[in-house]
Amino acid sequence: MSAPRITDLRSYLKALEEAGELSRVKIPVSLDQEIGAICLRNLRGNGPGLLFEHPGDGNLPLAVDLMASRQRYALALGIKPEELAAEWNRRTSTPLAPVVVERGACQQNVMIGKDVDLSKLPAPIWNEFDGGPYLTLSCHVTKDPVTKTRNVGLYRNQVHDRQTLGILAAPYTHLNLQRNKAPNEPFPVALVLGPDPTVVMTAPAPIPFGTDELAIAGALRGKPLELVPCKTIPLEVPAMAEIVIEGEIRPGELREEGPFGEFTGHYGGHKAPRPVIHVTAMTHRNDPMLQATYEGMQPNESGFLTAVPREAEIIRQVALPGIKKVNVTVPAGGALHAVVAVEKPYEGFGKYVGLAVLGSVAGRYIKQVI
Ligand SMILES: Cc1cc2nc3c(=O)[nH]c(=O)nc-3n(C[C@H](O)[C@H](O)[C@H](O)COP(=O)(O)O)c2cc1C
Ligand SMILES: [Mn+2]
């Protein structure tokens, strides 16, 4: 495969702009619900990705909803939307492990400990009843305390104060499966914001426990990702990311988190005590930008980020023959409802396929298969 054209968020933004798939918002826009309202309207009209140049009056740009269509998702991989499932399976059949290098752009600027101020990030209050500002597209890099295998997952983060974030990760997430192996130890976490788009693609993908999603990202981009060691914790992060937040989850420590307008269009999880991430460092590129996504009423980016890898992984993981096409529908959140087209050798075969889809790792959240 030739060298990938898109190697970081900046080259992806350039490609989107050239394709007429990006709109710049040049005027200052309030972080308090105004950005959320603009995103919702834009998504309902099937609009482009947005780059807010002055969110909250500041000068740290906010890129939002970049992969909120199959077209823009496919563009990041240099393919057509109809090729997504087959190409995902073809490329990821050979994972490409990342390589660790000494230096990376994501550490051009380093703030340690008390110098970190998360309130400088343009994190919006997206919806009216959200418990506070939220980071919504943080790729959490962690390591299994026993096997040392890396994991990457997307989980919401409420910004509590200058050096503290909330985290809501469901009990079945790999982050928690890892953390449960050493529940009495501090658990290091690195939040990667604005990486190569393939990292954002693999973080929410239904990949079996024990697989390094960064090796899947390497396969998708056709070249191993370069990682740099974090400054304050024993983890490595993609070198070309815009911003990295380093920290740890400490045993037994909880703080009120939520509510938050979720991908179902409802507020998910009442305000309740949930784990926190104590930030130990923040590093960033020169002139960084924050990447985020509008969560709430579908269709939105999380619907596409969830649906696309599921469609591919269902085809890979379901052993029965005859599956022609899978559509994990975005209006149902990209995870809860699927339409599967099958070649039926006899009446009733479709039911076998439907049950097999429901029983697969990739299809386990689906409630209804047609
Ligand atoms: C935009 C977006 C936001 C997400 N937010 C959360 C979240 O707050 N909590 C959660 O448990 N899962 C969330 N998910 C789903 C997880 O990312 C998904 O379950 C993923 O597989 C987790 O990685 P893991 O399987 O390696 O744990 C989100 C997905 C997307 C696309
Ligand atoms: Mn995982």
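The values are calculated or read from the model by the stated rules, or taken from the named source; none is laboratory data. Only a predicted model underlies this, so the values are computations on that prediction, with no experimental measurement involved. Positions of Cβ are backbone-derived with ideal geometry, glycine not excepted, and every protein chain shown enters the neighbour counts. Surface accessibility is based on the protein's heavy atoms, side chains included, excluding ligands, DNA and RNA. Shrake-Rupley method; radii C 1.70, N 1.55, O 1.52, S 1.80 Å.
Within the stretch 21-42, the set of residues being open to solvent by 80 Å² or more (accessible area, probe 1.4 Å) and part of a helix (DSSP H, G or I) comprises Glu34, Arg41.
Mind checking whether some residue in the stretch 354-367 is at positive phi and more than 20 Å from the chain's Cα centre (by Cα)?
Scanning the stretch 354-367, I find no residue that is at positive phi and more than 20 Å from the chain's Cα centre (by Cα), so the answer is no.
Every test in (1) open to solvent by 10 Å² or more (accessible area, probe 1.4 Å); (2) more than 15 Å from ligand 2 (Cβ to nearest atom) is passed by Tyr172 save one, and that test is (2). In the stretch 266-297, of all residues being open to solvent by 30 Å² or more (accessible area, probe 1.4 Å) and assigned to a loop (DSSP other than H, G, I, E, B), the one that is nearest to ligand 1 (Cβ to nearest atom) corresponds to Gly269. For the stretch 328-369, which residues satisfy the criterion of being part of a loop (DSSP other than H, G, I, E, B), surrounded by fewer than 15 Cβ atoms within 10 Å (Cβ to Cβ) and in contact with a Gly (Cβ under 8 Å, 6 or more places away or on another chain)? Within the stretch 328-369, Glu343, Lys344, Pro345 qualify. For the stretch 129-149, a residue qualifies if it is of a type in the set (Ser, Thr, Tyr) and either crowded, with 20+ Cβ neighbours inside 10 Å or closer than 16 Å to Val199 by Cβ (or both), and the qualifying residues are Tyr134, Thr136, Ser138, Thr142. If the condition is being within 16 Å of ligand 2 (Cβ to nearest atom) and of a type in the set (Ser, Thr, Tyr), then the stretch 317-370 contributes Ser360, Tyr365.
Could you tell me whether Thr232 is open to solvent by 10 Å² or more (accessible area, probe 1.4 Å) and either outside the structural domain of His160 (by TED's automatic domain parsing) or away from ligand 1 (no atom under 16 Å from the Cβ) (or both)? It is true that Thr232 is open to solvent by 10 Å² or more (accessible area, probe 1.4 Å) and either outside the structural domain of His160 (by TED's automatic domain parsing) or away from ligand 1 (no atom under 16 Å from the Cβ) (or both). Note on the stretch 192-207: residues that are in contact with an Asp or Glu (Cβ under 8 Å, 6 or more places away or on another chain) and among the aliphatic types (A, V, I, L, M) amount to 5.
When we screen Phe209, Phe263 for residues that are open to solvent by 10 Å² or more (accessible area, probe 1.4 Å) and within 16 Å of ligand 2 (Cβ to nearest atom), the only hit is Phe209. Of all the numbered requirements in (1) in contact with a Phe, Trp or Tyr (Cβ under 7 Å, 6 or more places away or on another chain); (2) surrounded by 16 or more Cβ atoms within 10 Å (Cβ to Cβ); (3) farther than 18 Å from Leu290 by Cα, Ala74 misses one, and that requirement is (1). Here Leu254 fulfils each of the conditions (1) under 24 Å from Asn180 (Cβ atoms); (2) within 13 Å of ligand 1 (Cβ to nearest atom) apart from (2). The residue that is surrounded by the fewest Cβ atoms within 10 Å (Cβ to Cβ), among those in the stretch 152-164 that are away from ligand 1 (no atom under 12 Å from the Cβ) and not in a loop (DSSP other than H, G, I, E, B), is Asp161.
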